[in-house]
Amino acid sequence: MPTTQQSPLKAVPSTSETVLITGGAGFLGSALCDHYINRGMRVICVDNLSTGRMQNIEHLMENDAFSFIKHDVSVPFDISEDIGFIFNMASPASPPKYQIDPIATFRTIVIGAENMLTLAHRKGARILEASTSEIYGDPEVSPQPETYRGSVNTMGPRSCYDEGKRAAETLFYDYNKNLGTDIRVARIFNTYGPRMDPEDGRVVSNFIVQALSGNDLTIYGDGSQTRSFCYVDDLIAGLVALMHTQGNIYSAVNLGNPGEYTVRALATMILEETQSASQITLKPLPVDDPKQRRPDIGLAWRLLHWEPKVPLREGLRLTIPYFALELEQNPAVAKVAV
Ligand code: NAD
Ligand code: UDP
């Protein structure tokens, strides 16, 4: 792993700079768009709308500081404007979504990363890769520190995503070493919150939609597998801190909430918080579903003085009303997560 040089946090972005966000119409990307627009910066959102939604960025479309470009990142991309910062967020993130077309997923992640690294190099921009806890695969150590090399299958249904992100990280490190590109790599652990697509297929959105619509909550396996869930505002604060911290940070940095829950405990908490009478039904565990996942965030604390502030129950209380409104506006959604 490349060396990490520690440095104190200096986090105020210059208002004169432009931020390009790939995947900016998605759950996390659109929250980043809001963050920078709210700070008076120029934002260019590049997205092919494959899993993102225009409704996430509709409120920004009339803003002169915001541009939306519909584009597939696996196709080379250029733009005449100067760019200071690039967040490479483009990639489906939900297992059922990224497994629909694994070749397209791999191409998006790997070729998309190279296209954006090339752009960053041309522009002299700093670029952050949205990597993932999935690069640890089905981890044999817990919590997972950045030094853990992972236990990953090259041939499974999750490989297009896991191995794609591992290859993308490698490209980032090698662009830095050989070409001097200014990089950041965030390993993001399961994040949830408003703007998740109710039809996304991930566990938090599925369980809340099921609970609110009176359908059974679908636990895959026996529900003893664990995940650590981070509220979106905490994650965005971490990504922004990582992007704007001075110094050379050429190691990946875990960003996530270390609070670890079984999937069954999550289901119980969502039933309590929605006051739902829904039942639980067991479905087969998907192949290669990781048994445990919990971030070691010591490095993020040392480098960024960042740690999440929102515990799971509080984050669910902030998220449930969003899904209730989505269901009110589009009741057909309830049928999807059954
Ligand atoms: P999302 O599906 O809501 O957003 C992804 C966005 O990327 C969408 O707007 C989609 O249309 C766009 N996109 C996909 N393929 C593209 C392509 N070829 N060209 C251009 N745009 C494309 O997912 P998210 O949860 O917001 O995840 C954003 C990023 O963060 C992803 O890279 C994901 O791998 C990473 N990540 C997310 C989590 C999480 O828990 N949310 C965890 C780990 C990593
Ligand atoms: N899961 C579940 N029911 C669902 C969706 C997911 O039990 O309706 C489980 C899934 O098998 C995994 C965990 O919840 O063990 C988290 O799944 P998710 O797709 O949100 O993210 P992952 O961490 O697996 O990428």
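The values are calculated or read from the model by the stated rules, or taken from the named source; none is laboratory data. Everything numeric in this text was worked out from a predicted model, so none of it was measured. Positions of Cβ are generated from backbone atoms using ideal geometry, with glycine treated the same way; all protein chains shown enter the neighbour counts. When the accessible area is computed, the model is the full protein with side chains, heavy atoms only, and any ligands, DNA or RNA have been set aside. Shrake-Rupley method; radii C 1.70, N 1.55, O 1.52, S 1.80 Å.
Less than 5 angstrom separates the built amide H of C230 from those of T191, Y192, N257, all sequence-distant by 5 or more or on a different chain.
Remark: spin-label model distance A104-R302 equals 4.2 nm, labels positioned 7 Å along the Cα→Cβ axis. Take the solvent-accessible surface of the protein heavy atoms, probe 1.4 Å, and return the percent of it on the chain that carbon and sulfur atoms account for. About 51 percent, which is the carbon plus sulfur part of the accessible surface. Measuring r between the beta carbons of D174 and A265 and using R0 = 35 Å, the FRET efficiency lands at 0.30. Here the chain is treated as a sphere whose radius is the Kirkwood value from Cα pairs; by Stokes-Einstein at 4 °C and 1.567 mPa s it diffuses with a coefficient of 64 µm²/s. Computed from the Cβ-Cβ distance with R0 of 35 Å, the FRET efficiency linking M155 to T118 stands at 0.75. Backbone amide hydrogens, once placed in the peptide plane, bring G24 within less than 5 Å of V46, excluding anything fewer than 5 places away on its chain. Dividing the summed helix terms, -39500 (n - 2.57) for each DSSP H run of n ≥ 4, by the number of residues in the chain produces a 222 nm estimate of -11000 deg cm²/dmol to the nearest 500. For the stretch 49-119, GluC sites (Glu not before Pro) meeting the loop criterion (DSSP other than H, G, I, E, B) and having at most 10 other Cβ atoms within 10 Å: E62, E81.
The mean sequence separation of alpha-carbon pairs under 8 Å and at least six residues apart, normalised by the residue count of the stretch 194-338, gives a relative contact order of 40 percent. Phi-derived couplings, Karplus 6.51 cos²θ - 1.76 cosθ + 1.60 at θ = phi - 60°, listed residue by residue for the stretch 301-311: 5, 5, 7, 10, 6, 10, 8, x, 10, 9, x Hz, with x used for Gly and Pro. The stretch 125-158 to the stretch 204-274: how many Å between their Cα centroids? Using only Cα atoms, the two centres lie 16 Å from each other.
Kindly provide the chymotrypsin sites (Phe, Trp or Tyr not before Pro) of the stretch 134-239 that DSSP labels as loop, not H, G, I, E or B, and whose Cβ sees at most 14 other Cβ atoms within 10 Å. All intermediate terms of the calculation are to be shown ahead of the outcome.
Details: sites: Y136, Y148, Y161, F172, Y173, Y175, F189, Y192, F207, Y220, F229, Y231; in loops: Y148, F189, F229.
Of the chymotrypsin sites (Phe, Trp or Tyr not before Pro), not one in the loops of the stretch 134-239 has a Cβ with at most 14 other Cβ atoms within 10 Å.
Cross-linked pairs K123/K177; K97/K283; K70/K177; K70/K97; K97/K291; K97/K165: Cα-Cα separations exceed 23 Å for K70/K177. Annotation note: trypsin sites (Lys or Arg not before Pro) in the stretch 10-111 located in DSSP loop regions with a Cβ neighbour count of at most 10 within 10 Å are K10. Structural descriptor for the stretch 11-116: relative contact order 30 percent, calculated from alpha carbon pairs under 8 angstrom and at least 6 residues apart. Taking 0.36 nm per residue of separation and subtracting the Cα-Cα distance, full extension of the segment from E81 to E272 would add 63.8 nm.
A simple count of charges around E272, restricted to other residues whose Cβ falls under 11 Å of its Cβ and scoring Lys, Arg +1 and Asp, Glu -1, yields +1.
Surface exposure of the chain, expressed per residue as accessible area with a 1.4 Å probe, stands at 42 Å².
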